[in-house]
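First the structure, in the form of structure tokens, and then the observations on it.
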Amino acid sequence: MTRSVSQTAPQTANAMWGGRFAAGPDAIMQAINASIGFDRRLAAQDIAGSRAHAAMLAATGILSNTDAEAIGEGLLTVLSEIETGSFTFRTDLEDIHMNVENRLKEIIGEPAGRLHTARSRNDQVAVDFRLWVRDQCDAAIAGIEALMRAFLAQAEAGADWVMPGFTHLQTAQPVTWGHHMLAYVEMLARDASRFADARARMNECPLGAAALAGTSFPIDRAMTAAALGFARPTANSLDSVSDRDFALEFLSASSICAMHLSRFAEELVIWSSAQFRFVRLSDRWTTGSSIMPQKKNPDAAELLRAKLGRILGATVALFTVMKGLPLTYSKDMQEDKEQVFDAADTLMLGLAAMTGMVGDMTALRENLAAAAASGFSTATDLADWLVRALGLPFREAHHVTGTLVALAEQQGVDLPDLTLDQMQSVHPGIRAEVFAVLGVENSVRSRTSYGGTAPDQVRAQITRWKERL
């Protein structure tokens, strides 16, 4: 009779892997197959799902009340051991499900074996993971709202402070500090709404789909769904165990949110430089140089700027895992959790750090104002005045203004520093009243359209957001 390698002589390490593995394929298979090293994070959700399942089995007469009570109490004991750190996780039991069930059997004995009636590890992991991601959506929304409040506080403090607005990182038009801060409030609000939308879509319970086809036991899926806070049970057992859209949506929303954090981190890096000096970051979020004593490096902002790569990488990785899988469950799907866990951790760290940086940063008002007045930032105001006061077509006004900008550059001055005679040399209709529109303060006050940068508009938006939050 032919015997397998594992039944005969002791195995030797495969030379390809060197000394990392002491044995052959059996040990390697255990290393690649076991997920307990990371899915232990699902312990609370796994136990909650099992307790709901046991209660339902008892309510439908599939399980005795005595066994259900023993299972429920035993699972609470297991949860307590995990929370206190006294639980021993075993790699040979592969995953969190089998680790919990094995310990439950040690505690209550034979009734533990009835817990898995009418379910599979396929629907079990689907409900565990969905519960965990749902909790992370709630955490992300809370973190985003905290950051929104930090931006609102900055906006309220500087609702009428002028600063340059940029396109192509070139001075474009003057805006207010408050208006710039509110731009990130709007971005973050969309982020929060994406997590809320994703949460609503994922709020269906896959428990009871079993391996893939449902079960012949008379279970009550609506009962378990309600017990776990889901809106309803999932409607198709095949989709229930193979769906990871909820994780992909969470990662997608996380990637967009992290991109917003990265954009502001980039602005902080630029603004805190000696060349800009728009903001001063606190010592809590900066580091020094080992050789240059004058340096105050915005390391926290730079790290946040980089961490988007981890989250975006996780998103691409899971899309890559899922794109080629036929229905229903494949072991490839075990590779979903580490990506999501890392992305969630990174996002929450980024939100907390950015909230701290925004709350601590000091806007340097005088420097902002000086920069706002440079770079011909009121050129558009001049063009608009030519349209309103002289009735010029905008394209002609644009051409006249451009000529005046070129003249100012030749003279080494800004637009307000040109004399009336110089302006009239370009267009004789220009009058002295034009100088009233060339100041940056007048410019921002004139932008009164809804959503504009005028201080009154900014304060109205601050009030709206404070009420919403």
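The values are calculated or read from the model by the stated rules, or taken from the named source; none is laboratory data. Every value quoted in this text rests on a predicted model; they were computed, and no experiment measured them. All Cβ positions, glycine included, derive from the backbone under ideal geometry; neighbour counts span all protein chains shown. In case anyone asks, the SASA skips ligands and DNA or RNA and just uses the protein heavy atoms, side chains included. Shrake-Rupley method; radii C 1.70, N 1.55, O 1.52, S 1.80 Å.
Scanning region 384-396 for residues that are crowded, with 17+ Cβ neighbours inside 10 Å and among the aliphatic types (A, V, I, L, M), which turns out nearest to the chain's Cα centre (by Cα)? Can you show your working first?
To start, the set of residues in region 384-396 that are crowded, with 17+ Cβ neighbours inside 10 Å comprises 384-386, 392.
This time we only want the ones that are among the aliphatic types (A, V, I, L, M), so: 386, 392.
Working: Leu386: 46, Leu392: 48 Å.
Within region 384-396, the match that is nearest to the chain's Cα centre (by Cα) is Leu386.
Where residues in region 313-334 are of a type in the set (Ser, Thr, Tyr) and in a helix (DSSP H, G or I), which of them is surrounded by the most Cβ atoms within 10 Å (Cβ to Cβ)? Can you show your working first?
Here is the first cut: in region 313-334, the ones of a type in the set (Ser, Thr, Tyr) are 315, 320, 328-330.
Narrowing the set further to residues that are in a helix (DSSP H, G or I) leaves 315, 320.
On the way: Thr315: 23, Thr320: 12.
Here the residue is Thr315.
(1) under 20 Å from the mean Cα position of the chain (by Cα); (2) not in a helix (DSSP H, G or I): which one isn't true of Ala235, the others all being true?
Of (1) under 20 Å from the mean Cα position of the chain (by Cα); (2) not in a helix (DSSP H, G or I), only one is false for Ala235: (1).
Let me confirm something: among Ser193, Ser216, Ser240, which residue is at pLDDT 95 or above and in contact with a strand residue (DSSP E or B) (Cβ under 9 Å, 6 or more places away or on another chain)? Reasoning before the result, please.
Numbers: Ser193 fails: in contact with a strand residue (DSSP E or B) (Cβ under 9 Å, 6 or more places away or on another chain); Ser216 fails: in contact with a strand residue (DSSP E or B) (Cβ under 9 Å, 6 or more places away or on another chain).
Result of the check over Ser193, Ser216, Ser240: Ser240.
Taking the criterion of being assigned to a helix (DSSP H, G or I), under 36 Å from the mean Cα position of the chain (by Cα) and under 16 Å from Ala253 (Cα atoms), would at least one residue in region 108-126 satisfy it? Before the answer, list the steps.
Here is the first cut: in region 108-126, the ones assigned to a helix (DSSP H, G or I) are 108, 110-114, 121-126.
Adding the requirement that they be under 36 Å from the mean Cα position of the chain (by Cα) leaves 121-126.
Now narrow it down to the ones that are under 16 Å from Ala253 (Cα atoms): none.
Taking every residue of region 108-126 in turn, none turns out to be assigned to a helix (DSSP H, G or I), under 36 Å from the mean Cα position of the chain (by Cα) and under 16 Å from Ala253 (Cα atoms).
What tally of residues in region 118-154 results from selecting those that are under 23 Å from Phe217 (Cα atoms) and open to solvent by 40 Å² or more (accessible area, probe 1.4 Å)? It would help to see each step written out before you state the result.
Restricting attention to region 118-154, the residues satisfying the condition of being under 23 Å from Phe217 (Cα atoms) are 118-128.
If we keep only those that are open to solvent by 40 Å² or more (accessible area, probe 1.4 Å) as well, we get 121.
Residues that pass the stated criteria total 1.
Suppose we keep only residues that are more than 18 Å from Tyr329 (Cβ to Cβ) and surrounded by fewer than 22 Cβ atoms within 10 Å (Cβ to Cβ) within region 206-220. Which one would you say is nearest to the chain's Cα centre (by Cα)? Let's see the steps before the verdict.
Applying the first criterion (more than 18 Å from Tyr329 (Cβ to Cβ)) to region 206-220 yields 216-220.
Okay, now just the ones that are also surrounded by fewer than 22 Cβ atoms within 10 Å (Cβ to Cβ), so 216-218, 220.
Details: Ser216: 41, Phe217: 41, Pro218: 41, Asp220: 36 Å.
Per the criteria, the residue is Asp220.
Among residues belonging to region 65-96 that are open to solvent by 50 Å² or more (accessible area, probe 1.4 Å) and among the β-branched types (Val, Ile, Thr), point out the one that is nearest to Val125 (Cα to Cα).
Looking at residues that are open to solvent by 50 Å² or more (accessible area, probe 1.4 Å) and among the β-branched types (Val, Ile, Thr), I get Thr91.
Residues in region 249-267 that are open to solvent by 20 Å² or more (accessible area, probe 1.4 Å) and touching a helix residue (DSSP H, G or I) at 6+ places or on another chain (Cβ under 7 Å): how many? Quick ask: steps written out before the conclusion?
Step one: list which residues in region 249-267 are open to solvent by 20 Å² or more (accessible area, probe 1.4 Å), which gives 249, 252, 256, 259, 263, 266-267.
When the remaining residues are screened for being touching a helix residue (DSSP H, G or I) at 6+ places or on another chain (Cβ under 7 Å), the result is 249, 252, 256, 259, 266.
Counting residues in region 249-267 that are open to solvent by 20 Å² or more (accessible area, probe 1.4 Å) and touching a helix residue (DSSP H, G or I) at 6+ places or on another chain (Cβ under 7 Å) gives 5.
Would you check which residues across region 41-64 are more than 20 Å from Arg221 (Cβ to Cβ) and open to solvent by 70 Å² or more (accessible area, probe 1.4 Å) and list them? Working first, answer last.
Within region 41-64, the subset more than 20 Å from Arg221 (Cβ to Cβ) is 41-44, 64.
Arg41 - this is the single residue of region 41-64 that is more than 20 Å from Arg221 (Cβ to Cβ) and open to solvent by 70 Å² or more (accessible area, probe 1.4 Å).
Quick check on Asp381: is it open to solvent by 60 Å² or more (accessible area, probe 1.4 Å) and either outside the structural domain of Ile144 (by the TED database) or among the β-branched types (Val, Ile, Thr) (or both)?
Working: open to solvent by 60 Å² or more (accessible area, probe 1.4 Å): no; either outside the structural domain of Ile144 (by the TED database) or among the β-branched types (Val, Ile, Thr) (or both): yes.
Answer is no for this residue.
For residues that are of a type in the set (S, T, N, Q) and part of a helix (DSSP H, G or I), scanning just region 9-48, find the one that is modelled with the highest pLDDT. Steps first, please.
Quick first cut of region 9-48, residues of a type in the set (S, T, N, Q) only: 11-12, 14, 30, 33, 35, 45.
Cutting the leftovers down to part of a helix (DSSP H, G or I) gives us 30, 33, 45.
Working: Gln30: 79, Asn33: 83, Gln45: 97.
Looking at residues that are of a type in the set (S, T, N, Q) and part of a helix (DSSP H, G or I), I get Gln45.
Yes or no, residue by residue, for (1) of a type in the set (Val, Ile, Thr); (2) in a helix (DSSP H, G or I); (3) closer than 27 Å to Leu57 by Cα:
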| site | (1), (2), (3) |
| --- | --- |
| Pro164 | no, no, no |
| Ala172 | no, no, no |
| His179 | no, yes, no |
| Val185 | yes, yes, no |
| Leu188 | no, yes, no |
| Ala192 | no, yes, no |
| Asp197 | no, yes, no |
| Ala209 | no, no, yes |
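Need pairs with beta-carbon distance below 7 Å; first residue in the same structural domain as Ala43 (by the TED database) and within region 62-89, second of a type in the set (Asp, Glu) and not in a loop (DSSP other than H, G, I, E, B); sequence gap 6+ or separate chains.
Phe87/Glu81
Would you confirm, using the coordinates I've provided, whether Gly113 is surrounded by fewer than 17 Cβ atoms within 10 Å (Cβ to Cβ) and at positive phi? Steps first, please.
Details: surrounded by fewer than 17 Cβ atoms within 10 Å (Cβ to Cβ): yes; at positive phi: no.
Here the answer is no, as Gly113 does not meet what is asked.
Yes/no matrix, rows are residues, columns are (1) in contact (Cβ under 8 Å) with a residue 12 or more places away in the chain; (2) over 17 Å from Trp177 (Cα atoms); (3) open to solvent by 70 Å² or more (accessible area, probe 1.4 Å):
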site	(1), (2), (3)
Asp414	yes, yes, no
Ile430	yes, yes, no
Ala436	no, yes, no
Arg445	no, no, yes
Thr453	yes, no, no
Arg459	yes, no, yes
Ile462	yes, no, no
